[in-house]
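J.: Pasting in a structure now, in structure tokens, and then I'll have a few things to ask.
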Amino acid sequence: MFSFEEVILQLENKIALKTLKSWANKIERLTDKKFERKYTKNSKGYTYSFKVFSSNDVESFFKLIDLRSKNVPLDIAISDVFMSEEEKKKNETISMTKAEFRENQATVKELIDLVKDVLSDNAEIKKRLKVLEMKQGMVGE
């Protein structure tokens, strides 16, 4: 297991420590990946945790650095490298569902507009019918 500082050395100082820490937090926030944590006590006796990384994690960070060097956006690169296949499928399903929802919203709006038009036409026809009935009533007298 590697500490942040050891990972930086493994990565040949290609990124800063602050960058690695922010990436690790973002990876846990955006994906289903959770890094292992070690616990220890400080000099005052309080327990605290810190992330540690496996050699597989270090390899994944190399891939992430490579994608970033190719100008792949960070969120996309993180998803490509660290997200499990199951989570990727789930996100794809969510994206498709959102797209379908937006399409359905547009369809409903179109239908509402059509119904409004039909109701307006119907009201106009009723007015014309009343006028005709009144004229017919006058003629019939």
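J.: Search the stretch 57-73 for residues that are surrounded by 15 or more Cβ atoms within 10 Å (Cβ to Cβ) and pair each with any residue that is outside any helix (DSSP H, G or I) and among the charged types (D, E, K, R) when their beta-carbon atoms are under 6 Å apart and the residues are at least 6 apart or on different chains.
T.: These pairs meet every condition: Ile65/Lys14.
J.: Taking Asn42 and the conditions (1) polar (S, T, N, Q); (2) surrounded by 10 or more Cβ atoms within 10 Å (Cβ to Cβ); (3) assigned by TED's automatic domain parsing to the domain that holds Ala16, which numbered condition does it fall short on, given that it satisfies the others?
T.: (2)
J.: Among the listed residues Thr31, Thr47, which satisfies the condition of being loosely packed, with under 10 Cβ neighbours inside 10 Å, free of Cβ contacts under 8 Å to residues at least 60 places away in the same chain and either out of contact with any Ser or Thr (no Cβ under 7 Å at 6 or more places or on another chain) or polar (S, T, N, Q) (or both)?
T.: The unique qualifying residue is Thr47.
J.: Filter the stretch 68-110 for residues that are more than 30 Å from Thr19 (Cα to Cα) and aromatic (Phe, Trp, Tyr) and give the result.
T.: Listed by number, the list holds a single entry, Phe101.
J.: Quick one: would you say Asp80 is at negative phi, surrounded by 10 or more Cβ atoms within 10 Å (Cβ to Cβ) and in contact (Cβ under 8 Å) with a residue 40 or more places away in the chain?
T.: Judged against the criteria, Asp80 is not a match.
J.: Here is a further query. If I filter the stretch 41-98 down to residues being of a type in the set (Gly, Ala, Ser) and part of a helix (DSSP H, G or I), which single residue comes out as farthest from the chain's Cα centre (by Cα)?
T.: If we take residues in the stretch 41-98 being of a type in the set (Gly, Ala, Ser) and part of a helix (DSSP H, G or I), then Ser55 is farthest from the chain's Cα centre (by Cα).
The values are calculated or read from the model by the stated rules, or taken from the named source; none is laboratory data. None of these values were measured; they are calculated from a predicted model. Note that we place each Cβ from the backbone using ideal geometry, even for glycine, and neighbour counts take in every protein chain shown.
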